[in-house]
Amino acid sequence: MKDCVRYAPMLGAREGELTEEEQHALDLHLQGCAGCRATAAELAALDGLVGESLMARANARDFAPFVDEVMARVGAPGLAPARGRRGFLGWFRTHPRAALASLVPFVAAVALVVYVRLERGGESGPMASLEIATEGEVTMVLQTSDGPVVLLDDGEHS
Amino acid sequence: MEADDLALVTKAQAGDPAAFRALVVRYQRKVYAVALGIVKDSDLAWDVAQEAFVRVHGHLGAFEGKSSFSTWLFRIATHLSIDAVRRERVSQKEDVDEVRESDLTGGGEGILATTLGDDPAENLLRREMAEKIQDALQTLPEKHRTILVLREVEGLSYEELAERLGIHKGTVMSRLFHARKKMQAALRGYAERSARDDEESAP
């Protein structure tokens, strides 16, 4: 049994992992020790099972998102966007012309508001409104800050 | 395979994302399997495996090819897995590595070898036991799980295990022996039940 304690750890060795002296001594011991031969058989029966089992689990899992998630985390260009590059700013970086084009209506609206405010000179209340009166003929009256302006149709000019 | 790895690494170092992507795809399942064997939890293993690739990417410029890419990758994955386990572990009594006489008794008198057989290609029982093995592995202490996983999934030699884990070759041998004996003990109940079922069903 004392020798068994010494040789038991060598039982799972692969070819070439033990020195020549170790291998020779182990072989001699196994020839005379039924207990260690049985232990060796037990351990050999388990050999490979753990790796087989773990790889089976890995192969059963859907790995489709794995690589995209890794690439997103490392910020590789042209791949899934990283968190910091999402949203309009991220899109702006990749599509600058389209982003500028999308801004045109917004800029135009802002410019109009600024222009109208400058024209108003700071007065409050509605600056202009449109009224349509129907007194035999269609008449349009434009309410402005300077008072109502009647817009005559073409018939009255003729 | 290794030459191909180096070619991909060189391209990835030059900033080719497709090359790095190919390396991830090549090793993702095996890195996950190593992490799963050590950390036990599948979601944590997924995170650890991803973190390993992120770390590798971050240090790609410093990789000089002195060891193989896969060795480097798995070393990082192993350390991240062990760190993850240690962070989660509140306290666990460390097992000794030396082999005692008591460790050599109670092996089951050949029941595992008889039940499992010795032909991995044709033994259906081995496949049926995959889940039991996973359960049994989870009962082992972290250091025994780790060495067994590195030995079996990565196929590391005694010398490589000693280098990876920072222990002597003699400690590798005894720790592996303990790990296997504990696996054997955990699986013994299943194997005995299986053998008993076979006897009962025999004419």
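The values are calculated or read from the model by the stated rules, or taken from the named source; none is laboratory data. All of these numbers come straight from a predicted model, not from anything done at the bench. Cβ coordinates were reconstructed from backbone atoms using ideal geometry, including for glycine residues, and neighbour counts include every protein chain displayed. Please note that ligands, DNA and RNA were not included when accessible areas were found on the heavy atoms of the full protein model with its side chains. Shrake-Rupley method; radii C 1.70, N 1.55, O 1.52, S 1.80 Å.
Accessible area buried by the pairing of B and A, both sides summed with a 1.4 Å probe, works out to roughly 4800 Å². For the range B:16-58, a decrease in accessible area of 50 Å² or greater in the assembled protein chains relative to the isolated chain, with a 1.4 Å probe, applies to B:P17, B:R21, B:Q28, B:R29, B:Y32, B:W46, B:Q50, B:V54.
Sorting B:T10, A:T39 by accessible area (1.4 Å probe), largest first, what list results? Mind dumping the intermediate values first?
Details: B:T10 85, A:T39 20 Å².
Result of the area sort, largest leading: B:T10, A:T39.
For B:W72, the solvent-accessible surface with a 1.4 Å probe is about 40 Å², rounded to the nearest 10. If R0 is taken as 45 Å, the Cβ-Cβ distance between A:A38 and B:E64 corresponds to a FRET efficiency of 0.40. The heavy atoms of B:K181 present about 30 square angstrom of accessible area, all protein chains included, probe 1.4 Å. In the structure displayed, which of A:K2/B:K169; A:K2/B:K30; B:K30/B:K143; A:K2/B:K132; B:K30/B:K66 lie more than 28 Å apart, Cα to Cα? Over 28 Å apart, Cα to Cα: A:K2/B:K30; A:K2/B:K132. When the surface is traced with a 1.4 Å probe over the full set of protein chains, A:M10 keeps roughly 20 Å² accessible. For a modelled paramagnetic label at A:E21, 7 Å from Cα along Cα-to-Cβ, the residues of the range B:144-168 in reach, with backbone nitrogen under 20 Å, are B:158-159, B:168. Heavy-atom accessible area with a 1.4 Å probe sorts B:V25, A:V67, largest first, into B:V25, A:V67. Sorting B:H144, B:H59 by solvent-accessible area of protein heavy atoms yields B:H59, B:H144, largest first, with a 1.4 Å probe.
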